[in-house]
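Below is one structure, written out as structure tokens; comments come after it.
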Amino acid sequence: MKHDPDTCLLVPSDLDRDVDPVQPMASMLFTSADSTEPFAKAARWLAGYDSVEITVIDTSWTVFQGEEEPYGLRVDFSCGNGEKD
């Protein structure tokens, strides 16, 4: 998998991967004024990564009171292409 330096996580050089395994995770927040649109946005976003394995780890739903787009769906995920380094 080709790495984009703008989206990489820096790991300390002295990290012992056998003792301290690194499991990178990311999060995306999809918001909208309509309560169904965050789900549609998430589906479109996931569909755009058909060549990369994305594992959804968790989701959460929040209503942000007083915001223009109060409905929010957070998706926590990890990604890879299924290949071992």
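The values are calculated or read from the model by the stated rules, or taken from the named source; none is laboratory data. Because the structure is a prediction, the values reported are computed rather than measured. Neighbour counts are summed over all protein chains in view; Cβ atoms, including those assigned to glycine, are modelled from backbone coordinates with ideal geometry.
Scan segment 51-78 residue by residue and report those that are over 18 Å from residue 26 (Cβ atoms) and out of contact with any Asp or Glu (no Cβ under 8 Å at 6 or more places or on another chain). Spell out the reasoning first.
Here is the first cut: in segment 51-78, the ones over 18 Å from residue 26 (Cβ atoms) are 61, 63-71.
Selection gives 61, 63, 64, 65, 66, 67, 68, 69, 70.
Restricting segment 31-85 to residues that are hydroxyl-bearing (Ser, Thr, Tyr) and at pLDDT 95 or above, which is surrounded by the fewest Cβ atoms within 10 Å (Cβ to Cβ)? I'd like the intermediate steps shown before the answer.
First, the residues of segment 31-85 that are hydroxyl-bearing (Ser, Thr, Tyr): 31-32, 35-36, 49, 51, 55, 59-60, 62, 71, 78.
Next cut, at pLDDT 95 or above only: 31-32, 35-36, 59-60, 62, 71.
Details: 31: 17, 32: 17, 35: 12, 36: 9, 59: 12, 60: 11, 62: 13, 71: 19.
Looking at the filtered set, the residue picked out is 36.
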